[in-house]
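Peer 1: Got a structure for you, written out below as C-alpha coordinates; questions coming shortly.
The values are calculated or read from the model by the stated rules, or taken from the named source; none is laboratory data. Because the structure is a prediction, the values reported are computed rather than measured. Virtual Cβ from ideal backbone geometry, glycine too; neighbours counted across all protein chains shown.
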Amino acid sequence: MFTIDTHTHIIPKHIPDFTKKFGYGNFIQLDHHAPGRAWMMQGDKRFREIVENCWDAEVRIKEMAEHKADMQVICTIPVMFSYDAKPDDCLEISQFLNDDIANTVNQYPDKFIGLATVPMQDTKLAVQELERCMSIGFKGVQIGSNVNNINLGEPQFHDFWAACERTNAAILVHPWQMMGQEHMTKYWLPWLVGMPAEISRAICSMIFGGIFEKFPKLKVCFAHGGGSFLPTISRIEHGWECRPDLVAIDNEFNPKKYLGKFWVDSHVCDHKMLQYIIDLVGADKVVQGSDYPFPLGEAVPGTLVREAPLSDNEKTIIMGTAAKAWLSL
(Lines give C-alpha, C1' and ligand atoms only; values in the text may rest on other atoms or scores of the structure.)
Protein backbone atom coordinates (compact mmCIF):
# COMPACT_ATOMS: atom_id res chain seq x y z
CA MET A 1 0.00 0.00 0.00
CA PHE A 2 1.16 3.54 -0.73
CA THR A 3 2.72 4.89 2.47
CA ILE A 4 3.43 8.46 3.58
CA ASP A 5 5.22 8.88 6.91
CA THR A 6 3.80 12.24 7.98
CA HIS A 7 5.94 12.85 11.06
CA THR A 8 9.71 12.82 10.52
CA HIS A 9 12.41 15.30 11.45
CA ILE A 10 15.44 16.56 9.57
CA ILE A 11 18.24 19.07 10.19
CA PRO A 12 20.99 20.56 8.02
CA LYS A 13 24.35 18.81 8.35
CA HIS A 14 26.06 22.13 9.01
CA ILE A 15 24.52 24.98 10.99
CA PRO A 16 25.93 28.51 11.32
CA ASP A 17 27.06 29.67 14.73
CA PHE A 18 23.93 31.71 15.40
CA THR A 19 24.95 32.32 19.01
CA LYS A 20 28.10 34.10 17.86
CA LYS A 21 26.29 35.90 15.05
CA PHE A 22 23.44 37.22 17.20
CA GLY A 23 25.50 37.76 20.34
CA TYR A 24 23.20 35.94 22.76
CA GLY A 25 21.51 32.61 23.51
CA ASN A 26 22.52 28.98 23.16
CA PHE A 27 21.41 28.16 19.64
CA ILE A 28 21.92 24.60 18.45
CA GLN A 29 25.27 23.70 16.93
CA LEU A 30 26.33 20.30 15.61
CA ASP A 31 29.53 18.67 16.85
CA HIS A 32 30.37 15.99 14.27
CA HIS A 33 32.48 13.99 16.70
CA ALA A 34 32.60 10.73 14.71
CA PRO A 35 31.81 9.58 11.15
CA GLY A 36 28.05 9.73 10.67
CA ARG A 37 27.43 10.91 14.25
CA ALA A 38 26.97 14.34 15.81
CA TRP A 39 26.05 15.89 19.12
CA MET A 40 23.39 18.59 19.07
CA MET A 41 24.94 21.17 21.38
CA GLN A 42 23.17 23.94 23.29
CA GLY A 43 26.09 26.05 24.37
CA ASP A 44 28.39 23.59 26.14
CA LYS A 45 25.55 21.15 26.94
CA ARG A 46 24.76 18.06 24.93
CA PHE A 47 21.08 18.04 23.94
CA ARG A 48 20.96 14.86 21.88
CA GLU A 49 23.19 12.66 19.75
CA ILE A 50 21.99 12.17 16.21
CA VAL A 51 23.23 10.09 13.31
CA GLU A 52 23.45 10.65 9.58
CA ASN A 53 19.84 9.69 8.85
CA CYS A 54 18.96 12.99 10.51
CA TRP A 55 20.61 15.01 7.73
CA ASP A 56 21.52 12.71 4.83
CA ALA A 57 18.65 12.33 2.34
CA GLU A 58 20.20 9.31 0.61
CA VAL A 59 20.52 7.44 3.91
CA ARG A 60 16.91 8.29 4.66
CA ILE A 61 15.76 7.01 1.26
CA LYS A 62 17.59 3.73 1.84
CA GLU A 63 15.92 3.33 5.24
CA MET A 64 12.55 4.32 3.78
CA ALA A 65 12.87 1.38 1.37
CA GLU A 66 13.59 -0.93 4.31
CA HIS A 67 10.55 0.47 6.14
CA LYS A 68 8.32 0.24 3.02
CA ALA A 69 7.65 3.98 3.10
CA ASP A 70 7.10 5.68 -0.25
CA MET A 71 7.36 9.25 1.00
CA GLN A 72 8.29 11.21 4.11
CA VAL A 73 6.96 14.53 5.34
CA ILE A 74 10.08 16.30 6.62
CA CYS A 75 10.20 19.14 9.13
CA THR A 76 12.72 20.57 11.55
CA ILE A 77 13.47 19.28 15.04
CA PRO A 78 11.32 21.30 17.49
CA VAL A 79 14.32 22.51 19.49
CA MET A 80 15.14 24.54 16.37
CA PHE A 81 11.89 26.55 16.55
CA SER A 82 13.74 29.31 18.43
CA TYR A 83 10.56 31.11 19.50
CA ASP A 84 12.49 32.67 22.38
CA ALA A 85 14.86 34.46 20.01
CA LYS A 86 14.40 37.99 18.74
CA PRO A 87 11.81 37.80 15.95
CA ASP A 88 14.12 38.87 13.12
CA ASP A 89 16.76 36.40 14.30
CA CYS A 90 14.20 33.61 14.44
CA LEU A 91 13.10 34.52 10.92
CA GLU A 92 16.70 34.15 9.72
CA ILE A 93 17.01 30.74 11.39
CA SER A 94 13.64 29.67 9.97
CA GLN A 95 14.65 30.71 6.47
CA PHE A 96 17.92 28.80 6.75
CA LEU A 97 16.14 25.64 7.90
CA ASN A 98 13.36 25.99 5.34
CA ASP A 99 15.76 26.54 2.46
CA ASP A 100 17.56 23.33 3.43
CA ILE A 101 14.26 21.42 3.45
CA ALA A 102 13.32 22.97 0.11
CA ASN A 103 16.62 21.83 -1.40
CA THR A 104 16.00 18.28 -0.20
CA VAL A 105 12.44 18.25 -1.56
CA ASN A 106 13.56 19.71 -4.89
CA GLN A 107 16.31 17.12 -5.21
CA TYR A 108 13.99 14.20 -4.37
CA PRO A 109 10.43 15.40 -5.11
CA ASP A 110 9.06 11.87 -5.30
CA LYS A 111 10.35 11.06 -1.81
CA PHE A 112 9.95 14.13 0.40
CA ILE A 113 7.24 16.66 1.28
CA GLY A 114 8.22 19.76 3.23
CA LEU A 115 6.68 21.46 6.24
CA ALA A 116 8.14 24.85 7.13
CA THR A 117 9.02 26.39 10.48
CA VAL A 118 8.10 30.04 11.12
CA PRO A 119 8.75 32.69 13.82
CA MET A 120 5.51 32.27 15.73
CA GLN A 121 6.51 34.90 18.31
CA ASP A 122 5.82 37.53 15.63
CA THR A 123 2.61 36.79 13.73
CA LYS A 124 3.42 39.18 10.88
CA LEU A 125 6.79 37.53 10.27
CA ALA A 126 5.25 34.07 10.68
CA VAL A 127 2.72 34.85 7.95
CA GLN A 128 5.46 36.29 5.76
CA GLU A 129 7.59 33.15 5.98
CA LEU A 130 4.60 30.84 5.63
CA GLU A 131 3.57 32.57 2.41
CA ARG A 132 7.13 32.42 1.06
CA CYS A 133 7.42 28.71 1.77
CA MET A 134 4.01 27.85 0.34
CA SER A 135 4.96 29.74 -2.83
CA ILE A 136 8.07 27.56 -3.34
CA GLY A 137 6.40 24.18 -2.93
CA PHE A 138 5.94 23.49 0.77
CA LYS A 139 2.69 21.77 1.74
CA GLY A 140 2.37 23.34 5.16
CA VAL A 141 3.99 24.25 8.45
CA GLN A 142 5.04 22.67 11.73
CA ILE A 143 4.45 24.73 14.88
CA GLY A 144 4.93 24.20 18.60
CA SER A 145 2.19 23.36 21.08
CA ASN A 146 2.69 26.76 22.69
CA VAL A 147 4.61 29.89 21.83
CA ASN A 148 6.67 31.07 24.79
CA ASN A 149 3.92 29.67 27.05
CA ILE A 150 1.19 31.51 25.15
CA ASN A 151 -1.58 29.11 24.12
CA LEU A 152 -2.53 28.65 20.47
CA GLY A 153 -6.12 29.75 21.07
CA GLU A 154 -5.13 33.34 21.83
CA PRO A 155 -6.29 36.13 19.47
CA GLN A 156 -2.74 37.16 18.58
CA PHE A 157 -2.50 34.10 16.32
CA HIS A 158 -5.72 34.74 14.38
CA ASP A 159 -3.90 36.29 11.44
CA PHE A 160 -1.65 33.25 11.26
CA TRP A 161 -4.61 30.85 11.16
CA ALA A 162 -6.21 33.02 8.49
CA ALA A 163 -3.02 32.79 6.42
CA CYS A 164 -2.99 29.01 6.80
CA GLU A 165 -6.54 28.88 5.48
CA ARG A 166 -5.73 31.26 2.65
CA THR A 167 -2.66 29.29 1.51
CA ASN A 168 -4.27 25.88 2.13
CA ALA A 169 -1.38 24.97 4.43
CA ALA A 170 -1.40 21.72 6.36
CA ILE A 171 -0.43 22.31 10.01
CA LEU A 172 1.44 19.86 12.23
CA VAL A 173 1.29 20.78 15.92
CA HIS A 174 4.22 19.26 17.77
CA PRO A 175 4.88 19.33 21.53
CA TRP A 176 7.79 21.42 22.73
CA GLN A 177 8.88 23.42 25.80
CA MET A 178 6.80 21.06 27.92
CA MET A 179 4.98 22.75 30.78
CA GLY A 180 6.48 21.96 34.15
CA GLN A 181 9.58 20.37 32.67
CA GLU A 182 11.81 22.19 35.14
CA HIS A 183 10.05 20.25 37.92
CA MET A 184 10.46 16.80 36.36
CA THR A 185 13.96 16.56 34.99
CA LYS A 186 14.44 12.98 36.24
CA TYR A 187 13.35 9.85 34.38
CA TRP A 188 12.89 11.67 31.02
CA LEU A 189 9.49 12.79 32.33
CA PRO A 190 9.20 15.85 30.07
CA TRP A 191 9.09 13.47 27.09
CA LEU A 192 6.98 10.78 28.76
CA VAL A 193 4.50 12.96 30.67
CA GLY A 194 4.92 16.50 29.37
CA MET A 195 4.63 15.79 25.64
CA PRO A 196 1.20 14.11 25.78
CA ALA A 197 -0.04 16.90 28.07
CA GLU A 198 1.31 19.58 25.73
CA ILE A 199 -0.69 18.27 22.79
CA SER A 200 -3.87 18.15 24.89
CA ARG A 201 -3.10 21.72 25.95
CA ALA A 202 -2.85 22.75 22.30
CA ILE A 203 -6.06 21.01 21.23
CA CYS A 204 -8.06 22.29 24.19
CA SER A 205 -6.84 25.85 23.77
CA MET A 206 -7.75 25.81 20.08
CA ILE A 207 -11.18 24.29 20.72
CA PHE A 208 -12.10 26.48 23.68
CA GLY A 209 -10.59 29.53 21.99
CA GLY A 210 -12.99 28.99 19.09
CA ILE A 211 -10.24 28.56 16.50
CA PHE A 212 -12.02 25.78 14.63
CA GLU A 213 -15.19 27.90 14.54
CA LYS A 214 -13.44 31.04 13.30
CA PHE A 215 -11.28 29.16 10.81
CA PRO A 216 -13.26 26.07 9.77
CA LYS A 217 -11.05 25.24 6.77
CA LEU A 218 -7.90 24.70 8.86
CA LYS A 219 -6.14 21.40 8.20
CA VAL A 220 -4.52 20.60 11.53
CA CYS A 221 -2.78 17.39 12.55
CA PHE A 222 -1.72 16.86 16.16
CA ALA A 223 1.35 14.71 16.80
CA HIS A 224 1.56 11.58 18.92
CA GLY A 225 -2.05 10.53 18.41
CA GLY A 226 -3.31 13.78 19.89
CA GLY A 227 -1.38 13.18 23.11
CA SER A 228 -3.55 12.85 26.20
CA PHE A 229 -6.51 14.69 24.63
CA LEU A 230 -8.39 11.73 23.19
CA PRO A 231 -7.89 9.44 26.23
CA THR A 232 -9.33 12.20 28.45
CA ILE A 233 -11.95 13.68 26.10
CA SER A 234 -14.86 12.58 28.31
CA ARG A 235 -13.31 14.33 31.32
CA ILE A 236 -12.81 17.42 29.18
CA GLU A 237 -16.43 17.22 28.05
CA HIS A 238 -17.58 16.80 31.65
CA GLY A 239 -15.69 19.94 32.62
CA TRP A 240 -17.40 21.82 29.80
CA GLU A 241 -20.77 20.57 31.07
CA CYS A 242 -20.31 21.15 34.80
CA ARG A 243 -18.39 24.45 34.73
CA PRO A 244 -19.33 26.29 31.55
CA ASP A 245 -18.58 29.52 33.44
CA LEU A 246 -14.91 28.52 33.34
CA VAL A 247 -14.67 26.41 30.19
CA ALA A 248 -17.26 27.64 27.67
CA ILE A 249 -16.48 31.34 27.89
CA ASP A 250 -15.13 31.74 24.33
CA ASN A 251 -16.81 28.83 22.55
CA GLU A 252 -20.24 27.46 23.42
CA PHE A 253 -19.89 24.10 21.67
CA ASN A 254 -19.21 20.70 23.24
CA PRO A 255 -15.55 19.75 22.65
CA LYS A 256 -16.68 16.39 21.26
CA LYS A 257 -18.12 18.31 18.31
CA TYR A 258 -14.58 18.60 16.98
CA LEU A 259 -13.77 14.89 16.89
CA GLY A 260 -13.17 14.13 13.23
CA LYS A 261 -12.47 17.80 12.44
CA PHE A 262 -8.70 17.41 12.75
CA TRP A 263 -6.10 14.73 12.11
CA VAL A 264 -3.82 12.88 14.53
CA ASP A 265 -0.84 10.72 13.73
CA SER A 266 -0.66 7.01 14.50
CA HIS A 267 2.29 7.12 16.89
CA VAL A 268 0.50 5.77 19.97
CA CYS A 269 2.67 2.66 20.57
CA ASP A 270 -0.28 0.30 21.22
CA HIS A 271 -2.84 -1.48 19.05
CA LYS A 272 -5.71 -0.92 21.49
CA MET A 273 -4.96 2.80 21.66
CA LEU A 274 -4.76 2.94 17.87
CA GLN A 275 -8.21 1.35 17.64
CA TYR A 276 -9.49 3.77 20.28
CA ILE A 277 -8.42 6.86 18.36
CA ILE A 278 -9.85 5.41 15.14
CA ASP A 279 -13.16 4.87 16.95
CA LEU A 280 -13.16 8.52 18.09
CA VAL A 281 -11.99 10.42 15.02
CA GLY A 282 -12.30 7.91 12.15
CA ALA A 283 -9.59 6.15 10.17
CA ASP A 284 -9.68 8.99 7.63
CA LYS A 285 -8.38 11.36 10.31
CA VAL A 286 -5.46 9.15 11.39
CA VAL A 287 -2.19 9.41 9.44
CA GLN A 288 0.88 7.22 9.64
CA GLY A 289 3.47 9.11 11.69
CA SER A 290 6.60 7.62 13.22
CA ASP A 291 8.68 10.48 14.72
CA TYR A 292 11.60 9.08 12.71
CA PRO A 293 14.54 9.06 13.26
CA PHE A 294 14.47 9.39 17.06
CA PRO A 295 14.52 6.63 19.72
CA LEU A 296 11.13 7.56 21.18
CA GLY A 297 9.67 7.25 17.69
CA GLU A 298 8.46 4.04 16.13
CA ALA A 299 11.36 1.56 15.95
CA VAL A 300 10.35 0.42 12.45
CA PRO A 301 8.06 3.07 10.98
CA GLY A 302 4.68 1.73 9.91
CA THR A 303 4.84 -1.49 11.91
CA LEU A 304 2.12 -0.53 14.40
CA VAL A 305 -0.47 0.02 11.68
CA ARG A 306 0.63 -2.85 9.45
CA GLU A 307 0.46 -5.37 12.31
CA ALA A 308 -2.73 -3.98 13.88
CA PRO A 309 -5.97 -6.00 13.71
CA LEU A 310 -7.50 -3.55 11.22
CA SER A 311 -9.15 -4.09 7.87
CA ASP A 312 -7.04 -3.71 4.74
CA ASN A 313 -9.12 -0.66 3.85
CA GLU A 314 -8.42 1.01 7.19
CA LYS A 315 -4.70 0.32 6.81
CA THR A 316 -4.69 1.77 3.30
CA ILE A 317 -6.43 4.92 4.54
CA ILE A 318 -4.09 5.44 7.49
CA MET A 319 -0.90 4.64 5.62
CA GLY A 320 -1.54 7.04 2.75
CA THR A 321 -5.03 8.18 1.82
CA ALA A 322 -5.63 10.26 4.96
CA ALA A 323 -2.29 12.01 4.55
CA LYS A 324 -3.10 12.91 0.95
CA ALA A 325 -6.25 14.65 2.18
CA TRP A 326 -4.42 16.49 4.98
CA LEU A 327 -1.63 17.60 2.63
CA SER A 328 -3.93 18.29 -0.35
CA LEU A 329 -1.91 16.01 -2.59
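Peer 1: Can you confirm whether E49 is outside any strand (DSSP E or B) and surrounded by fewer than 16 Cβ atoms within 10 Å (Cβ to Cβ)?
Peer 2: Answer is no for this residue.
Peer 1: How many residues are over 20 Å from N53 (Cα atoms) and out of contact with any Asp or Glu (no Cβ under 7 Å at 6 or more places or on another chain) when one looks only at the stretch 1-15?
Peer 2: Matching residues across the stretch 1-15 total 1.
Peer 1: What about K13, is it surrounded by fewer than 16 Cβ atoms within 10 Å (Cβ to Cβ) and in a loop (DSSP other than H, G, I, E, B)?
Peer 2: yes
Peer 1: Scan (1) touching a residue at least 40 places away in the same chain (Cβ under 8 Å); (2) within 24 Å of V59 (Cβ to Cβ) for the single condition D99 breaks and write down its number.
Peer 2: With (1) touching a residue at least 40 places away in the same chain (Cβ under 8 Å); (2) within 24 Å of V59 (Cβ to Cβ) applied to D99, the lone miss is (1).
Peer 1: Does M120 qualify as being modelled with pLDDT of 95 or more and not in a loop (DSSP other than H, G, I, E, B)?
Peer 2: Here the answer is no, as M120 does not meet what is asked.
Peer 1: Does E129 fit the bill of being touching a helix residue (DSSP H, G or I) at 6+ places or on another chain (Cβ under 7 Å), at pLDDT 95 or above and of a type outside the set (K, R)?
Peer 2: Criteria met by E129.
Peer 1: Looking at the stretch 52-79 only, could you name the residues that are closer than 22 Å to A34 by Cβ, hydrophobic (A, V, I, L, M, F, W, C) and outside any loop (DSSP other than H, G, I, E, B)?
Peer 2: C54, A57, V59, V79
Peer 1: Checking E49 against (1) farther than 21 Å from G302 by Cβ; (2) touching a residue at least 60 places away in the same chain (Cβ under 8 Å), which single condition isn't satisfied?
Peer 2: The single condition E49 does not satisfy is (2).
Peer 1: Starting from residues that are without any contact (Cβ under 8 Å) to a residue 24 or more places away in the chain and not in a loop (DSSP other than H, G, I, E, B), keep the ones in the stretch 20-29 and report whichever is surrounded by the most Cβ atoms within 10 Å (Cβ to Cβ).
Peer 2: Residue satisfying both the conditions and the ranking: Q29.
Peer 1: For D265, which of the numbered conditions (1) touching a residue at least 60 places away in the same chain (Cβ under 8 Å); (2) surrounded by fewer than 19 Cβ atoms within 10 Å (Cβ to Cβ) fails to hold?
Peer 2: Single failed check for D265: (2).
Peer 1: Of everything in the stretch 102-148 that's hydroxyl-bearing (S, T, Y) and over 13 Å from the mean Cα position of the chain (by Cα), which residue is farthest from H67 (Cα to Cα)?
Peer 2: Here the residue is T123.
Peer 1: Determine whether L115 is in a helix (DSSP H, G or I), buried (at least 18 other Cβ atoms within 10 Å of the Cβ), of a type outside the set (F, W, Y) and at pLDDT 95 or above.
Peer 2: Taking the combined requirement at face value, the residue does not satisfy it.
Peer 1: In addition: Identify all residues within the stretch 278-313 that are among the small types (G, A, S), more than 22 Å from W191 (Cα to Cα) and exposed (fewer than 13 other Cβ atoms within 10 Å of the Cβ); write none if there are none.
Peer 2: S311
Peer 1: Further question on the same structure: Which pairs do you get when a residue that is closer than 16 Å to T117 by Cα, found in the stretch 162-178, comes within reach of a residue that is of a type in the set (S, T, N, Q) and buried (at least 19 other Cβ atoms within 10 Å of the Cβ), reach meaning Cβ atoms under 7 angstrom, with the pair 6+ apart or on two chains?
Peer 2: L172/Q142; V173/S145; H174/Q142; H174/S145; P175/S145; W176/S145; Q177/N146
Peer 1: Can you list the helices (runs of 4 or more DSSP H) lying wholly within the stretch 146-218 that have 1 or more residues being buried (at least 16 other Cβ atoms within 10 Å of the Cβ), in contact with a Gly (Cβ under 6 Å, 6 or more places away or on another chain) and at pLDDT 95 or above?
Peer 2: Hits in the stretch 146-218: 195-208, 211-214.
Peer 1: Which number in (1) without any contact (Cβ under 8 Å) to a residue 24 or more places away in the chain; (2) not in a loop (DSSP other than H, G, I, E, B) marks the one condition that T232 misses?
Peer 2: The failed condition is (1).
Peer 1: Quick check: anything in the stretch 67-90 free of Cβ contacts under 8 Å to residues at least 40 places away in the same chain and among the small types (G, A, S)?
Peer 2: For the stretch 67-90, residues free of Cβ contacts under 8 Å to residues at least 40 places away in the same chain and among the small types (G, A, S): absent.
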